[in-house]
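The values are calculated or read from the model by the stated rules, or taken from the named source; none is laboratory data. Just so it is clear, the model here is predicted, and its values are computed rather than measured. As a convention, Cβ positions derive from the backbone with ideal geometry for all residues, glycine included, and neighbour counts pool all protein chains shown.
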Amino acid sequence: MSVPKKRSATRRRKLRASHHALKKTKTTTCPKCEKPCLPHTACKNCGYYKGRDVLGLEAKMDKKAKKSLQKKQEKEKLEKTDKEMAQK
């Protein structure tokens, strides 16, 4: 196995390793359910992408799950409008 001829300087090693840092993932909000999701991908919460149901998550849900999801969305909309009214 080969061995380096000379020891690499600390500055050179740190400069080389400076590009190895992890970057923060950027997220957008889903226009339907307002949850954070990755850009250019279907929402994992509701299954929508560009305004249409791609994953079919709502079709696979049973009645109870659909009702609870609708109630959550209505509640979030009400809270949002209340906040907007309070700001005015």
- Query: If we scan the stretch 43-51, do we find a residue that is modelled with pLDDT under 85, loosely packed, with under 13 Cβ neighbours inside 10 Å and not polar (S, T, N, Q)?
  - Reply: yes
- So Lys72 clears everything in (1) without any contact (Cβ under 8 Å) to a residue 12 or more places away in the chain; (2) on the phi > 0 side of the Ramachandran plot; (3) surrounded by 10 or more Cβ atoms within 10 Å (Cβ to Cβ) except one condition, right? Which one? (2)
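Pull up the stretch 17-30, narrow it to residues that are assigned to a loop (DSSP other than H, G, I, E, B) and touching a strand residue (DSSP E or B) at 6+ places or on another chain (Cβ under 8 Å), then point me to the one that is surrounded by the fewest Cβ atoms within 10 Å (Cβ to Cβ). Show your work before the answer.
Here is the first cut: in the stretch 17-30, the ones assigned to a loop (DSSP other than H, G, I, E, B) are 21-27, 30.
Now restrict to residues that are touching a strand residue (DSSP E or B) at 6+ places or on another chain (Cβ under 8 Å): 27, 30.
Details: Thr27: 11, Cys30: 18.
In this case the residue turns out to be Thr27.
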- Task: Within the stretch 31-42, work out how many residues are assigned to a loop (DSSP other than H, G, I, E, B) and either closer than 18 Å to Lys80 by Cβ or more than 9 Å from the chain's Cα centre (by Cα) (or both).
- Result: 8
